[in-house]
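Report on the structure given below.
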Amino acid sequence: MARAEAEAAIATAGAEASAILSGARAEVADLKAAADVEIRTAIQVGRTRMLDEVASMEAERDLLAEGIEVTAEHVSAHRDRLLKAVEDLRAVLLDVEERPDLVREPTPAPARPAAGSPETIVDQASAAVTRLHPVATMGGGVGGDEHDMDAFFADDGS
């Protein structure tokens, strides 16, 4: 009888162990499924955030490229106006047959302070300056009235 009770207890313990093992396997499967869902969700959120950042950076890059293009067009327009001004000034200089009589020739500089000092540079610059008589303005180009100057320096991309 003791043997029968022992075998019954062993059978009951085996059934309980089997039930516990089966429950543990089911819980493992549920945890694994939940972890898979969580991982996939985290991956999708990360991917979405990354794509949003890439789109934002691309939009910023396009905006900067557009700004660079506009700036390049402005620089080109200013360069063209400056080249035209240089051309006009050359034409004016070529039309001057000789220097006016009242041109002050540079005077020799007095004794100079040590080379490279600010006083030396100022003295050299003032000695090199000559004054010319005013020349009548010519139509077109850089010369002309205030409207011509405003048009020359206008920042309209032309």
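The values are calculated or read from the model by the stated rules, or taken from the named source; none is laboratory data. This structure is a prediction, so every number in the text was calculated from the model and none was measured. Positions of Cβ are generated from backbone atoms using ideal geometry, with glycine treated the same way; all protein chains shown enter the neighbour counts.
A few remarks follow.
- Matching residues in the stretch 43-57 - criterion: being under 22 Å from the mean Cα position of the chain (by Cα) and of a type in the set (Ser, Thr, Tyr): 56
- Taking the listed residues 96, 45, the one that is at pLDDT 95 or above and among the β-branched types (Val, Ile, Thr) is 45, with no other qualifying.
- Yes/no for residue 69 being part of a helix (DSSP H, G or I), among the acidic types (Asp, Glu) and in contact (Cβ under 8 Å) with a residue 60 or more places away in the chain: no
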